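As structure tokens, the structure follows; a few thoughts come after it.
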Amino acid sequence: MKKIAIIAYNHPESTLPLTKYLMKEGYSMDYFFLTGIGLTGTAAFEFGFKTKYPCLKKLTNRYIKSLDEYFDSENVNIYLVVLPPTLERFGNVFSNIFSIFKIAFLFLFSLFIRLRQYDGVSIVGQKKDLFYLHKFLKGLNKIHSLHEVLDYKTRMPKPNDPLIKHLINNEIPIVVHSLNSYNDLLKYDFVNPLNVHMVPFGLFETYKIFEDNSKIQKIKLKDEFILFFGMIEPYKGLNVLYDAMMLVLKEKPDIKIVIAGRGSDPSIAKMINNQSFIVLNRFITNEEIVYLNKNAKFVVCPYLAASQSGIVQTAFLFNKPIVASDVGAFREIIIPNENGLLVEPNNPESLAESILLLLNNRSCYTNLTVGVSNFIKKNEKYDWAIIAKKYITILDHCV
């Protein structure tokens, strides 16, 4: 049986399902999740304990029983790779010393990977540490998945990014997850289009593991509500959403909107002082993400810019339509009037009009929810089984 390793620095919501469906294709899978100290989990994945020190630890069902049930196979091994901290807050001297420790740790980890003699290795993530891992794994059959290819603030290429530069210069096959990101990556100098592969995400199905209402206490909501969730950044358009909701509330004064996620934005202060907004400006647990998505009327993404967004793959999992700005890759997955609505970016009036349409027009809302429920059936490229086959093809061509 052939063996594949997935090494993911974040992004378990997309890499855990990929691992499962590669296993279903007959591969023995090892999944390595790279993380830091002081964590108990992340989006759609929890470790079962708090990380305290650098280590490579195989997780058993003692720690991740529900995930063990999700895979239901002995052909999958899950490893937690806890990296040393960089301690940048203590100044350059300490940071440089601990950076050396981290590089040494990655070297030892690379030896472990080499000893396992994989037929293919898929590395996922943006962190610069992965540049060293690629150097240490030189000669192996590798591909690399990038979720962001531009600077997420400026939306411009990052020509001095050591990881992206290394991937391009060494012609390591790169997987991106939208046509938008594919075209963005081609903006880099010397990139070979034949080494860039567009493979989308499927739905983030491991969130289903966290359907446990017994852990939901403080945010049980009785009123109908709209949902915005995810990391809060200025480019996500909360100012536009606030202005749009001021228009919506004139017609629908009883509607609530939940803003859920960590981060900062000037609009948060105004929202906190408005009783129509329920602001959860903090870390949102996996159980809370599930609860909010299951009980929301629909999800809004008023972004000013984007590449692709995992918000769609999460909301669609719970059969929720989305109202999103027509930016980035939203158009590639949100089909207007079939599974969601697209609005002109940075236009509160356009956003308010679409929100009111879903609140007032029951037939339109029902049609969109039916469209969401049929999304995978009508768009097979987002089926994890199809996605796994594409990864196998890419890895086979790397040999």
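Numerical summary
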read-out	value
Single residue of region 1-15 satisfying the filter (assigned to a helix (DSSP H, G or I) and either among the aromatic types (Phe, Trp, Tyr) or within 16 Å of LYS390 (Cα to Cα) (or both)) that is farthest from the chain's Cα centre (by Cα)	THR15
Filter result for TYR365 (in the same structural domain as HIS147 (by TED's automatic domain parsing), assigned to a helix (DSSP H, G or I) and not charged (D, E, K, R))	no
Breaking point among (1) under 23 Å from LYS138 (Cβ atoms); (2) at pLDDT below 95; (3) out of contact with any Lys or Arg (no Cβ under 7 Å at 6 or more places or on another chain), for PRO162	(3)
Restricting region 253-277 to residues that are among the β-branched types (Val, Ile, Thr) and part of a helix (DSSP H, G or I), the residue that is nearest to the chain's Cα centre (by Cα)	ILE268
Exclusive hit being among the hydrophobic types (A, V, I, L, M, F, W, C), under 30 Å from SER145 (Cα atoms) and in the same structural domain as VAL248 (by TED's automatic domain parsing), set ILE335, ILE394	ILE335
Test: residue in region 273-294 that is under 30 Å from HIS144 (Cα atoms), surrounded by fewer than 18 Cβ atoms within 10 Å (Cβ to Cβ) and of a type in the set (S, T, N, Q)	yes
Output for region 171-198, where each listed residue is crowded, with 21+ Cβ neighbours inside 10 Å and assigned to a loop (DSSP other than H, G, I, E, B)	HIS177, SER178
Top-ranked residue in region 130-157 [being surrounded by fewer than 21 Cβ atoms within 10 Å (Cβ to Cβ) and of a type in the set (D, E, K, R); ranked as nearest to the chain's Cα centre (by Cα)]	GLU148
Qualifying positions in region 123-152 - assigned to a loop (DSSP other than H, G, I, E, B) and either under 15 Å from SER181 (Cα atoms) or not assigned by TED's automatic domain parsing to the domain that holds PHE33 (or both)	GLY125, GLN126, LEU146, HIS147, GLU148, VAL149, ASP151, TYR152
Hits in region 253-269 (condition: exposed (fewer than 15 other Cβ atoms within 10 Å of the Cβ) and touching a residue at least 12 places away in the same chain (Cβ under 8 Å))	PRO253, ASP254, ARG262, GLY263, SER264, PRO266
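The values are calculated or read from the model by the stated rules, or taken from the named source; none is laboratory data. In this text, all values refer to a predicted model and were calculated from it rather than measured experimentally. Glycine also receives a Cβ, built like all others from the backbone with ideal geometry; neighbour counts cover every protein chain displayed.
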